[in-house]
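Peer 1: Quick one: structure below, then a few questions.
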Amino acid sequence: MEEFNYQLASFLPFRDKEVCERVRKIKKEDLPDHPNPNFKIRIIEDEYQFYLEFALDIVRRIKESLEAGRQLVAIFPVGPMPQYSIAARIINEMKLSCKHVHSFNMDEYADQDGNTAPISWEGSFQKSMIENFWGIIDEELRPPVSQIHFPTSKVLKDYGKMIEDLGGADICYGGIGWCGHIAFWEAHLGYEFGDDIESYKKAGPRIVELHPMTIMQNALHSFSGDWSWVPPKAATIGPAQILGAKYRSFWLDGYLGGGISWQRFIARLVAYGPVNTLVPGSILQTAPTTYTLLGGVAEDCKIQMK
């Protein structure tokens with residue numbers, strides 16, 4: 001068979017073809033065998049079970065911290081959100097108080113000038129989080145409004161300190177973006193740091209230009225495929241807040257059905273590629289983390305032309 005050799009597209013920040021070929025070949029059954037025992041990879045086949053396990057993890061941490069008489073400082077993502085409504089229902093059924101919870105959302109959309117979206121905008125992460133989680137928890141159980149935080153333009157410069165002043169996050173939940181981002185800490189931000197991974201790990205909240213892959217990913221799953229509807233920038237926490245948490249719990253559910261997953265390759269590159277500044281999620285390999293993949297995401301990488 002005749003070889004066909006080509007370079008990776010120039011807009012991709014990470015362009016090491018040999019690494020990409022190596023991680024692409026990792027079989028589904030081999031994914032959990034990571035060399036770092038503190039980076040725990042697991043696969044959940046059933047979609048409902050996936051979101052139920054996510055919800056139960058949230059509820060467990062709320063319950064355990066309440067019973068221990070301590071606050072819970074948690075960083076939450078927005079995106080596909082079934083886990084939040086499930087968690088809210090369980091919290092209501094258990095009559096579980098969340099008054100001790102301090103919630104910090106990872107990110108929020110922003111306009112071309114760096115002004116974050118208002119809570120009234122239909123695509124706002126603030127609106128989604130209130131409507132799909134905190135707002136459907138019984139009023140007597142939910143945290144005070146003053147303990148539910150978002151990285152808006154008003155507080156962004158102090159956002160990292162707000163978390164630090166509470167003793168740091170106990171748990172950071174998240175996912176992985178198509179370009180490898182964590183929160184909206186985009187892959188191209190690595191150009192700024194080069195190989196200085198230690199400085200990279202200390203970087204904090206900022207306004208960022210969204211990478212083209214992120215625009216397309218979010219258009220796909222949240223905006224009816226309409227890339228013109230996705231804002232150009234976002235406010236986001238940085239690696240410092242993610243690695244500063246006592247633990248990280250990341251959930252990858254980018255499966256579209258029909259054997260198609262946009263997350264299948266990047267899940268492998270993040271977990272098994274080199275730790276570097278051009279694949280933001282790769283830094284998760286350096287800290288205690290649980291990395292849970294939906295079965296459809298974990299399937300072997302292959303070309304589908306039928």
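The values are calculated or read from the model by the stated rules, or taken from the named source; none is laboratory data. Keep in mind the model is a prediction, meaning the values are calculated, not measured. A quick note on method: Cβ atoms are made from the backbone with ideal geometry, for glycine too, and the neighbour counts reach across all protein chains shown.
Peer 1: Kindly list, by first and then second residue, each pair from a residue in region 16-36 that is in a helix (DSSP H, G or I) and of a type outside the set (D, E, K, R) to a residue that is surrounded by 11 or more Cβ atoms within 10 Å (Cβ to Cβ) and modelled with pLDDT of 95 or more, limited to pairs with Cβ atoms under 7 Å and residues at least 6 apart or on different chains.
Peer 2: Cβ pairs passing all conditions: 19/273; 19/274; 20/269; 23/268; 23/269; 23/272; 23/273.
Peer 1: Turning to a different aspect of this structure: Can you find, within region 129-161, the residue that is nearest to the chain's Cα centre (by Cα) among those that are assigned to a helix (DSSP H, G or I) and under 18 Å from residue 116 (Cα atoms)?
Peer 2: Per the criteria, the residue is 129.
Peer 1: A further question on this structure: If we keep just the residues of region 224-234 that are under 18 Å from the mean Cα position of the chain (by Cα) and hydrophobic (A, V, I, L, M, F, W, C), which is nearest to residue 125 (Cα to Cα)?
Peer 2: Selected residue: 234.
Peer 1: What are the residues in region 196-222 that are surrounded by fewer than 16 Cβ atoms within 10 Å (Cβ to Cβ) and more than 25 Å from residue 254 (Cβ to Cβ), if any?
Peer 2: Across region 196-222, the qualifying residues are 196, 198, 199, 202.
Peer 1: Next question, about the same structure. Identify, please: which residue in region 138-167 is of a type outside the set (D, E, K, R) and without any contact (Cβ under 8 Å) to a residue 40 or more places away in the chain and is, among those, farthest from residue 128 (Cα to Cα)?
Peer 2: Only one residue tops the list, namely 155.
Peer 1: Name, by its number, the condition in (1) over 17 Å from residue 37 (Cβ atoms); (2) surrounded by fewer than 18 Cβ atoms within 10 Å (Cβ to Cβ) that does not hold for residue 286.
Peer 2: The single condition residue 286 does not satisfy is (1).
Peer 1: Same structure again: Just for strands (runs of 3 or more DSSP E) wholly inside region 206-272: which have at least 1 residues that are in contact with a Pro (Cβ under 6 Å, 6 or more places away or on another chain) and under 26 Å from residue 289 (Cβ atoms)?
Peer 2: Passing ranges, in order: 233-236.
Peer 1: In region 86-123, what residues are surrounded by 21 or more Cβ atoms within 10 Å (Cβ to Cβ), touching a Pro at 6+ places or on another chain (Cβ under 9 Å) and among the small types (Gly, Ala, Ser)?
Peer 2: 110, 117
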